[in-house]
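Bear in mind that the values in this text are calculations on the coordinates, not laboratory data. This one's a predicted model, so the numbers in the text were calculated from it and none came from an experiment. Methodologically, a virtual Cβ is constructed for each residue, glycine included, from the backbone with ideal geometry; neighbour enumeration extends over all protein chains shown.
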Amino acid sequence: MDLYRILEKVHGHGGICVPAHPFRGWDSFAENVLKVDSIDAVETHNGLDGEEKNRKSARLASMRNLPSIGGSDCHSKEQVGRAFTEFKNPIQTIDELVSEIKKGNCKGMMR
């Protein structure tokens, strides 16, 4: 399926499009973040990516003025909570989560 069609469908259902670990692997999504206007945020803090990849992701989000989120990407119990997203306001529902990310009321963090 075409990337633009996927983005359109996700947004049409009220969702957000956030590339995870945009600098990981041979099929990196980072280049698309620079070209595509309908990206809503960038995962800038990933629990499995190293400091360099996370730093590049943070720069990418800053260049595009996109919100930053974090994700543990855990594959073992020791990795839970290593990376996370801090929100300015309490989140009680999925709608609030989407709204706060869209507004940029969040920040990716590492422990």
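Some points to look at:
- Sites Arg5 and Met110 - FRET efficiency at Förster radius 41 Å, r taken between beta-carbons, to 0.05: 0.75
- All aspartates and glutamates inside 15 Å of Lys102 as judged from Cα atoms, apart from same-chain residues fewer than 8 positions distant: Asp37, Asp40, Glu43, Glu86
- Residues Ser99, Ser62, Ser57 arranged by fewest to most Cβ contacts within 10 Å: Ser62, Ser99, Ser57
- By other beta-carbon atoms within 10 Å, ranking Val98, Val18, Val42 with the fewest at the front produces Val98, Val18, Val42.
- Taking a Cβ cut-off of under 13 Å around Gln79, the surrounding Lys, Arg, Asp and Glu residues balance to a net charge of 0, with basic ones at +1 and acidic ones at -1.
- Those chymotrypsin sites (Phe, Trp or Tyr not before Pro) in segment 1-63 that DSSP places in a loop and that have at most 13 other beta carbons within 10 Å: Trp26
- Computed lengthening from Asn89 to Ala20, 0.36 nm per intervening residue step minus Cα-Cα distance: 22.6 nm
- Normalised Debye scattering of segment 3-110 at q = 0.13, 0.17, 0.23 Å⁻¹ gives log10 I(q)/I(0) of -0.46, -0.79, -1.32, counting only Cα atoms as equal scatterers and leaving out solvent.
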